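Every number here is computed from the coordinates shown, using simple stated rules; none is lab data. Just so you know, these numbers come straight off a predicted model, no measurement behind them. Reconstructed Cβ throughout: ideal geometry from the backbone, glycine too, with neighbour counts over all protein chains shown.
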Amino acid sequence: MSDIKIKITNLHKAFGRKVVLDGLDLEIKKGESLVVIGGSGTGKSVLIKCIQGILTPEQGSILIDDEEVVGVSEKEKERLHAKMGMLFQGGALFDSLSVWENVAFGLIENQKMDKKNAKMEAIRVLRQVGLAPDVADLYPSELSGGMQKRVGLARAIATRPEIIFFDEPTTGLDPIMSDVINGLINESVKGLGATALTITHDMASARKIADKIAMLYKGKIIWQGTVKELDKTDNEYVRQFINGSSEGPIKVEV
Amino acid sequence: MIQKFLRRLGQPLVKFFSSLGELSIFVMRSVANCFVPPFYGRNLMRQVMDIGFYSLPVVGLTTIFAGMVIAIQSYSGFSRFGAESAVASVVLISVTRELAPVLSALMVAGRIGAAMAAEIGTMRVTEQIDALTTLSTNPYKYLITPRVVAAVVVLPILVLIGDVIGIFGGYVVGVYQLGFNPANYIKSTIENLETLDITTGVVKAAVFGFIIAIMGCYNGFKSKGGAQGVGEATTNAVVSSSILILIFNYIITGMFFSK
């Protein structure tokens, strides 16, 4: 077994005439935390959905643990999803279920854990992300944005996945809460020894979470390297992005 | 010029057939998933309560007034040629064959079809459906199957209850307003009661239940673009299921009675 967890080669995805991913190549090592940065609408979310099999790319290959995942059957996908966890941008908590039922969802429905143990496990994971046990019986709509993110994180890690996806984990949070969430993400990923793929355009978050950063532009990865290399790079696109300047090679299409 | 005209003609046509294809795939997947485990009993029970139990007041009100109106109308109509005695059987036939199934289904379509589209649509735009997938739970089995099964099973029961209430409405008007003898009214109702009248109503109800659940879920499932998209999905669900109910009512009636 190689130490590459996810290997993406020549990935193409278009919606009608709009090309989103245009021959993307990317490798993520086992236990590595990779952050993909890029402007809004550059196809970061599409990339994650392709890896999860929610979207099917037109062309290219995605290997997870050396197994091809493009075009596999629904049954295979379900098996694959058991390895994965995901923190959604808006939380995507099930609002008809209580907090602990959300966190324990994967445990009850797939790992067939009985309710009592699942609840105990859910409370343990909630505590791990800094939430008190009495939150467990509340409903998602009763929680603040930061707490919802924590619950989303708890749900993503409760099944002890090998791969965790983070979709803009700090969007909509204040800087302090962002830092808290970033810290929790680091703790939980390292705690599980999981491989993490984060997409964000929050550079503070990227710097804190990433072992490695990759920049997505026009459907391709145009640069990748460590955080240290990020500050030294003379790639004009990357420089423009991290400095947040409207002037440079990246033209904002209005 | 001609090309432009053809394009304008072709685009909606292509759109229509592609959404028809989408819908067919959706229907096949939903039906196929009804027979493959895992089954989510809790979700099914919730839907049975929602669609069945909580629709009882609406269905009861609809059918009782329908029965009452039919009694008055048929009395005033038939008295022109001295056939007032037919009121009981006219109420019976029209309530069981048409009014109870069609009116109940239309009311339930407004109540439940809209709720399904809104709930599933909101789950779609807030990524809850993707979240289900990433938790290796098939959204069809978890969301669609319980709703379809519950609607198909529960609507016939609702219609049977509606039959009784509707006939009772006709009885109340007939006896207390039109001055029929209660014993005679009941006797002529029972004498005219035929199994076929009830079975067609029940068959219709099952088909209508399927239509309501499928249109509600389908429109919710493919909704996109936030609150506006969900609103659109809700409208489409109610309008399309109502129209389909009326069309299929004609088709089923034709199958049973056009001889």
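Of note:
- Zone of A:Glu187's modelled label, taken as backbone nitrogen in the range A:116-135 under 17 Å from a point 7 Å along Cα→Cβ: A:122-135
- Once you reduce the range A:33-100 and the range A:183-224 to the center of their Cα atoms, the two points are 15 Å from each other.
- Comparing A:Ala82, A:Tyr139, A:His201 along the charge dipole axis of chain A, the residue lying farthest to the positive side is A:Ala82, per the Cβ-charge model.
- Hypothetical label at B:Phe35: residues of the range B:153-169 whose amide nitrogen lies under 17 Å (7 Å Cα-Cβ projection): none
- A full extension of the chain between B:Thr199 and B:Leu246 corresponds to an added length of 15.1 nm, given 0.36 nm per residue minus the alpha carbon distance.
- Legend: mean number of C-beta atoms from other chains within 10 angstrom of residue C-beta atoms, peptide B:133-146, equals 5.
- About the centre of its Cα atoms, the protein assembly as shown shows a dipole size close to 600 debye [charges on the beta carbon of Lys, Arg (+1) and Asp, Glu (-1) only; nearest 20 debye].
- Estimated [θ] at 222 nm from DSSP helical runs (n ≥ 4, -39500 (n - 2.57)) normalised by residues in the protein assembly as shown, nearest 500: -18500 deg cm²/dmol
- Packing-based exposure ordering (other Cβ within 10 Å, fewest first) of A:Asp137, A:Asp234: A:Asp234, A:Asp137
- Each Lys and Arg contributes +1 and each Asp and Glu -1, all at the Cβ; summed about the Cα centre of chain B, the dipole is approximately 840 debye.
- Residues of the range B:130-144 with amide N under 17 Å of the 7 Å Cα→Cβ point at A:Lys112: B:136-138
- Residues A:Lys232 and B:Tyr54, FRET efficiency given R0 of 51 Å [Cβ-Cβ distance, rounded to 0.05]: 0.20
- Model label points for A:Gln240 and B:Lys224, set 7 angstrom from Cα along the Cα-to-Cβ axis, are 2.7 nm apart.
- Chain lengthening between B:Leu61 and B:Thr235 when straightened (0.36 nm per residue, less Cα-Cα): 60.3 nm
- Dipole axis of the protein assembly as shown (+1 Lys, Arg; -1 Asp, Glu on Cβ), positive-most option in A:Leu21, B:Leu20, B:Leu92: B:Leu20
- Rounded D (µm²/s) - the range B:55-253, Kirkwood Rh over Cα pairs, Stokes-Einstein at 20 °C, 1.002 mPa s: 119
- Computed from Cα atoms, the angle from the helix A:175-192 axis to the main principal axis of chain A rounds to 80 degrees.
- Each peptide among A:95-105, A:222-232, B:93-103 gets the average number of other Cβ atoms lying within 10 Å of its residues, and from highest to lowest they stand as B:93-103, A:95-105, A:222-232.
- In degrees, nearest ten, helix A:145-158 long axis to first principal axis of chain A (Cα): 80
- Averaged over the residues of peptide B:221-227, the number of Cβ atoms from other protein chains lying within 10 Å of each residue's Cβ is 0.
- Of the peptides A:60-67, B:2-9, A:189-196, the ranking by mean beta-carbon count within 10 Å, highest at the top, reads A:189-196, A:60-67, B:2-9.
- Take each residue in A:69-80, count the other chain C-beta atoms within 10 Å of its C-beta, and the mean is 1.
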